[in-house]
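First the structure, in the form of structure tokens, and then the observations on it.
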Amino acid sequence: MSNIKRFKSIINVAGVDQYILVDKAAKIFAHNMADPQKMAEITSICGSKSHTIGKTSVNYVMFSRENHINFFIFPVGKYYLGVIKQESINNDLLAENVLRFLKDFLNRKIGI
């Protein structure tokens, strides 16, 4: 459980407005969303389908929204991280920031 507490520092990554961490069954492990159950299901379903679409390892999937507050899904081992970006940040920069955070987190062998 302390690993989940450490993971919650993702909210400090530049460009992250909201996040949710779920498994393939949409079980929520961490979040800061107003409607986490709805977003858990979306994150889990879309995350698992991204493997089918990509046929190989996928770094992330982005859903572009009309309001420019886009939604990203990052595979994290057997979990999926859903991130709603802040409107003011570039999509590529947010993706780089989150991928760097995940790499650092996983390289510390903390595990989730």
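Below are the figures for this structure:
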read-out: Criterion: over 24 Å from Gln37 (Cβ atoms), in contact with a strand residue (DSSP E or B) (Cβ under 8 Å, 6 or more places away or on another chain) and outside any helix (DSSP H, G or I) - qualifying residue of Ser57, Ser88; value: Ser57
read-out: Every residue from region 65-79 that is outside any strand (DSSP E or B) and either closer than 15 Å to Val16 by Cα or at pLDDT 95 or above (or both); value: His68, Ile69, Asn70
read-out: Region 60-81, subset within 19 Å of Ile11 (Cα to Cα) and touching a residue at least 40 places away in the same chain (Cβ under 8 Å), residue surrounded by the fewest Cβ atoms within 10 Å (Cβ to Cβ); value: Ile69
read-out: Selected residue (criterion: surrounded by the most Cβ atoms within 10 Å (Cβ to Cβ)) from residues of region 10-32 that are out of contact with any helix residue (DSSP H, G or I) (no Cβ under 8 Å at 6 or more places or on another chain) and part of a helix (DSSP H, G or I); value: Ile11
read-out: Count - residues of region 91-112 that are assigned to a loop (DSSP other than H, G, I, E, B) and without any contact (Cβ under 8 Å) to a residue 40 or more places away in the chain; value: 2
read-out: Which listed residue is within 14 Å of the chain's Cα centre (by Cα) and of a type in the set (Lys, Arg), from Lys78, Lys5, Lys49, Lys38; value: Lys78
read-out: So Phe7, is it touching a helix residue (DSSP H, G or I) at 6+ places or on another chain (Cβ under 9 Å) and either free of Cβ contacts under 8 Å to residues at least 40 places away in the same chain or of a type in the set (A, V, I, L, M) (or both); value: no
read-out: Single residue of Val13, Val22, Val58 found to be touching an Asp or Glu at 6+ places or on another chain (Cβ under 9 Å) and within 20 Å of Phe105 (Cβ to Cβ); value: Val22
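The values are calculated or read from the model by the stated rules, or taken from the named source; none is laboratory data. Model, not experiment: these values are computed from the prediction. Positions of Cβ are backbone-derived with ideal geometry, glycine not excepted, and every protein chain shown enters the neighbour counts.
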